[in-house]
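Below is one structure, written out as structure tokens, with a few remarks after it.
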Amino acid sequence: MKMLVAAVLLIATPALAQLPPGMKMPPPVKVGKPDTALLKAATAEAPATLATLERLVNIESGSYDTEGLVAIGNLLADELAARGAQVERMQGKPGTRGDIIVGRLTGTGTGKLLLLAHMDTVYTHGQLAETPWRVADGKAYGPGIADDKSGIAVILSAIKLLKPADFGQLTIAFNTDEEIGSLGSGDLITELARGQSAVLSFEPTTAVPLEGMIAGTSGTNSVFVHIEGKAAHAGNNPELGNNALVEAAHVIAVTKDMDEGQGKRRFNWTQVSQEGSARNMIPDDVTLIGDLRDISDDRVRAFETEMKRRLATPSVPGTKVTVNVQINRPAFTADAASLALIDRARSIYQEAGGPDLFVLPRSGGGTDAGFAARAGVPVLEALGLPGFGYHSSAEEYVLIDAIPRRLYLAARLIRELGR
Ligand SMILES: [Zn+2]
């Protein structure tokens, strides 16, 4: 027994050294024998997954690219129909581009699952010409290939590995505005998640230094502070005005310490907008915009109260300061059932020959897991492919050799939860 513990430590140590600072690997999970038939089928399916990825990458689908989002939505509706799904095109809130494609598959099992991935990318039209689809050194490259075309491709292949007895109902939802906060589709995702046995979300995972699961995401919120002053000529009679810009400087000075640092509440002023400004005029209308990330709606409201307290008395007499905090995407915090799913995923992944997965307690970004978790059901995040370079200026890629084990992970999880 002691020998075994020592061996585990020896294996675990190099991985530990590569983890981001402050993170440790969770205790090891028990690993069973692989389902060899499923692993074989997943391995045989992998080239088709790669072919799907190529087709998806070759349709540019930035969050604001209506034409691209419609084209990729049409392709996905056809792909789901070809797999026997009933396809519904759903509308997000007014202004949402393209349709949210929802497919439903009915089996003979008892579990109901929602599988989530998003069609939109962070890129603008033309990126594909600069960084076209290519395969080199075991990696496939292209804009949005990891985030989140890999999630879509894994879902489309994983459902081919299932039998009707493997699930009661599968609902598959592909939305078009995840990268811009899912303001149009978020409520719909919460509705689709209601009553499900679990929600599996297929965002990509990191490829380096290690692959991982996500136990929490940060909620994203917008902070608006509007300052109303009084305009006056800057040269003739500035003393008749109330300078909203000077008051804005005061607002920044007394709130900039409301950021709590890494792993805690993040708050930063990011934008300023001015109405009717001119160089020779005392400004009377300034809005400061800040980015706030926190772990619960309650904490966001507490932040708002604290900011209002600090800004109750303007430093420039005669100015009026109004604080408004808007919750864009709720945070996700894995509950006990979701944490149990993470351990199950870690076990299955190793069974398929994959590495143990680290568990990120909370990412600085938000995902649709937050909207799904609002329905009060277990949510598992980051079942897409391991990738690199998403949301950065580096060329985005996924690891090709991870495809079979990722398909195995998805199919086996669905089967266990769905039967
Ligand atoms: Zn994403």
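The values are calculated or read from the model by the stated rules, or taken from the named source; none is laboratory data. All figures in this text were calculated on a predicted structure; none of them were measured in a lab. All Cβ positions, glycine included, derive from the backbone under ideal geometry; neighbour counts span all protein chains shown. Side chains are part of the model used for accessible areas, which takes the heavy atoms of the whole protein and leaves out ligands, DNA and RNA. Shrake-Rupley method; radii C 1.70, N 1.55, O 1.52, S 1.80 Å.
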| task | Would you confirm whether any residue within the stretch 398-418 is modelled with pLDDT of 95 or more, in the same structural domain as Ala198 (by TED's automatic domain parsing) and assigned to a strand (DSSP E or B)? | result | yes
| query | With respect to Ala345, is the statement that it is away from the ligand (no atom under 16 Å from the Cβ), within 20 Å of the chain's Cα centre (by Cα) and buried (at least 19 other Cβ atoms within 10 Å of the Cβ) true? | reply | yes
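Please work out if Leu360 is within 16 Å of the ligand (Cβ to nearest atom), surrounded by fewer than 22 Cβ atoms within 10 Å (Cβ to Cβ), of a type in the set (A, V, I, L, M) and touching a residue at least 24 places away in the same chain (Cβ under 8 Å).
When the stated conditions are applied, Leu360 passes them.
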| task | Look at the stretch 218-248 and say how many of its residues are surrounded by fewer than 16 Cβ atoms within 10 Å (Cβ to Cβ) and in a helix (DSSP H, G or I). | result | 3
| task | Could you please find all residues in the stretch 122-160 being of a type in the set (A, V, I, L, M, F, W, C), over 14 Å from Val398 (Cα atoms) and surrounded by fewer than 22 Cβ atoms within 10 Å (Cβ to Cβ)? | result | Val122, Leu128, Ala129
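Among residues belonging to the stretch 192-208 that are of a type in the set (Val, Ile, Thr) and within 13 Å of the ligand (Cβ to nearest atom), point out the one that is least open to solvent (accessible area, probe 1.4 Å).
Here is the first cut: in the stretch 192-208, the ones of a type in the set (Val, Ile, Thr) are 199, 205-206, 208.
Cutting the leftovers down to within 13 Å of the ligand (Cβ to nearest atom) gives us 205-206.
Values: Thr205: 6, Thr206: 52 Å².
Per the criteria, the residue is Thr205.
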| query | Mind checking whether some residue in the stretch 380-387 is out of contact with any strand residue (DSSP E or B) (no Cβ under 9 Å at 6 or more places or on another chain), within 16 Å of the ligand (Cβ to nearest atom) and touching a residue at least 24 places away in the same chain (Cβ under 8 Å)? | reply | no
| Looking at (1) within 13 Å of the ligand (Cβ to nearest atom); (2) assigned to a helix (DSSP H, G or I), can you tell me which one Phe174 breaks? | (2)
| note | Per the filter on the stretch 297-323, residues exposed (fewer than 13 other Cβ atoms within 10 Å of the Cβ) and hydroxyl-bearing (Ser, Thr, Tyr) are Thr305, Thr313, Thr322
